[in-house]
Amino acid sequence: MRLLLLPLPGNEKMCGALEGALGHFVPDPPGRETVAFRRFPDGESYVRIKTPIAGRAVAIFCTLDRPDDKVLPLIFLAETARQLGAASVGLIAPYLAYMRQDRRFIDGEGVTSAYFAALLSRAVDWLVTVDPHLHRRTSLSEIYSIPTEVVHAAPRVAEWIRSNVQRPLLIGPDEESGQWVAAVAGAAGAPSVVLQKVRRGDRDVSVTVPDLSRWRDRTPVLVDDIVSTARTMIETVRHLQLENRAAPVCVAVHPVFVAGAYDELRQAGAARIVSCNTIPHPSNAIDLSGELARAVDTRHGAVSGRRPG
Ligand code: R5P
């Protein structure tokens, strides 16, 4: 039986695109909202599933930027689905939060990526996401105890660069981005360099740019998995300006963009800012619905015992 998607508020458009990519041309259920959410006057969350789900495989669709307001409704929705007899409850979270605090940098800090993973692993049966920020960890299975499926944005990012940027030079912001940037560069048929980054605080970042003189005729393309405060990209744009380079194109997989960051990056001198549609944002230009659909189909097929289509 086909997977029933339950979008949390704000995820309807992305979820609709996924429905289309999954080949669900007739809404399920036809013409009806599947879930209702609201806040009670005291701020608590109200959740209702408005369609019969007993015996059905369901998946909650909720991208997890700004996660703290979303997680309680998500957990309540998953539990409601179980109580109403869902056969399985998956989670499609194109952006997976809390991946960056992956160690105790200072004595006494919480390693929240592991705690968040434990919380979600208790709430749902499987997870599909896009390029989680794996830095000091090599796989989600190190912290998630449920089956996970990861979509890689690199091929689609490379395709966008090939079609939109002439003679690109790919620039990764830090050593940890090296492998990922090399994959995009390889697929885009472009050279790449990686900067050295030092982060002293949330908004206090400095970068060192290597000698780029041999690529003077190329358009710089900054690529990063997450853009949050945009300080990393802004600092890089400034270095390129000091070297009188062409204004760079900035590409993010996950356009988290905290308040004001997008405008600051534009004003700093980015020629163009584009992102994948893992978080709704005006910069969305690279559609990953097809890749997401394949991953969801694989995971759903594994859970329901049918062959992935
Ligand atoms: C860090 O390791 C990530 O890959 C990004 O470079 C980082 O999240 C960017 O953050 P911001 O936009 O706040 O500089």
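What is the Å³ per residue value for the convex hull set by the Cα atoms of the chain? Provide the component values of the computation, followed by the final result.
Working: hull volume 45.2 nm³, N = 309.
So the per-residue hull volume is 146 Å³.
Can you give the local net charge around Val47? Use residues other than it whose beta-carbon is closer than 15 angstrom to its beta-carbon, Lys and Arg +1, Asp and Glu -1.
Values: positive: Arg38, Arg39, Arg48, Lys50, Lys70, Arg82; negative: Glu33, Glu44, Asp69, Glu79.
Here the charged neighbours net out to +2.
Hey, got the dipole for the chain? About the Cα centre, +1 on K and R Cβ, -1 on D and E Cβ, debye to the nearest 20?
For the chain, the charge dipole is close to 440 debye.
Given labels modelled 7 Å from the Cα in the Cβ direction, how far is it in nm from Arg2 to Arg200?
Between Arg2 and Arg200, the label points sit 5.6 nm apart.
Measure off 7 Å from each Cα along the Cα-to-Cβ vector at Glu159 and Ser145, then give the distance between these two points in nanometres to one decimal.
In this crude spin-label approximation the distance works out to 3.8 nm.
Which net charge results for the neighbourhood of Asn164, defined as the other residues with beta-carbon distances under 13 angstrom from its beta-carbon, given Lys and Arg at +1 and Asp and Glu at -1?
Numbers: positive: Arg156, Arg162, Arg167, Arg272; negative: Glu159.
Within the 13 Å Cβ shell, the charges total +3.
Can you check what the net charge comes to around Arg203, using other residues whose Cβ is under 11 Å from the Cβ of Arg203 (Lys, Arg +1; Asp, Glu -1)?
Surrounding charge for Arg203 is -1.
Calculate the tail of P(r) for the stretch 1-134: the fraction of all Cα-Cα distances greater than 27 Å, expressed in %.
Details: 1949 of 8911 pairs.
Considering the stretch 1-134, 22 percent of its Cα-Cα pairs are separated by more than 27 Å.
Using only the alpha-carbon atoms, how far is helix 231-242 inclined from the longest principal axis of the chain? Give it as 0 to 90 degrees, nearest 10.
20
Using a 7 Å offset from the Cα along the Cα-to-Cβ direction at both Phe40 and Lys13, what is the distance between the two label points in nm, to one decimal?
That separation, rounded to one decimal, is 3.3 nm.
Please state the shape class of the stretch 154-286: rounded when a/c is under 1.5, otherwise prolate if a/b exceeds b/c and oblate if not, all from the C-alpha gyration tensor.
Numbers: a/c = 1.39, a/b = 1.07, b/c = 1.30.
Verdict is rounded for the stretch 154-286.
Before rounding to the nearest 500, sum -39500 (n - 2.57) across all DSSP H runs of length at least 4 in the chain and divide by the residue total; then give [θ] at 222 nm in deg cm²/dmol. Walk me through the intermediate numbers first.
On the way: 8 runs with 96 residues, N = 309.
Result for the chain: -9500 deg cm²/dmol, rounded to the nearest 500.
Which whole-number percent gives the relative contact order of the stretch 154-286, counting Cα pairs below 8 Å spaced six or more residues apart? Intermediate values should be presented prior to the final figure.
Numbers: 257 pairs, mean separation 27.5, N = 133.
Relative contact order of the stretch 154-286: 21 percent.
At q = 0.14, 0.21, 0.27 Å⁻¹, what is the log10 ratio I(q)/I(0) for the stretch 216-267, with the Debye formula run over Cα points and no solvent?
Computed log10 I(q)/I(0) values: -0.33, -0.71, -1.07.
Kindly work out what percent of the DSSP beta bridges joining two residues of the stretch 154-286 are antiparallel, to the nearest 5.
Working: 5 of 24 bridges.
Taking every DSSP beta bridge within the stretch 154-286, about 20 percent pair in antiparallel fashion.
Coordinate-derived values only; no laboratory data. Everything numeric here is computed off the predicted structure, so don't read it as measured data. Cβ: placed from backbone, ideal geometry, glycine included. Neighbour counts: every protein chain shown.
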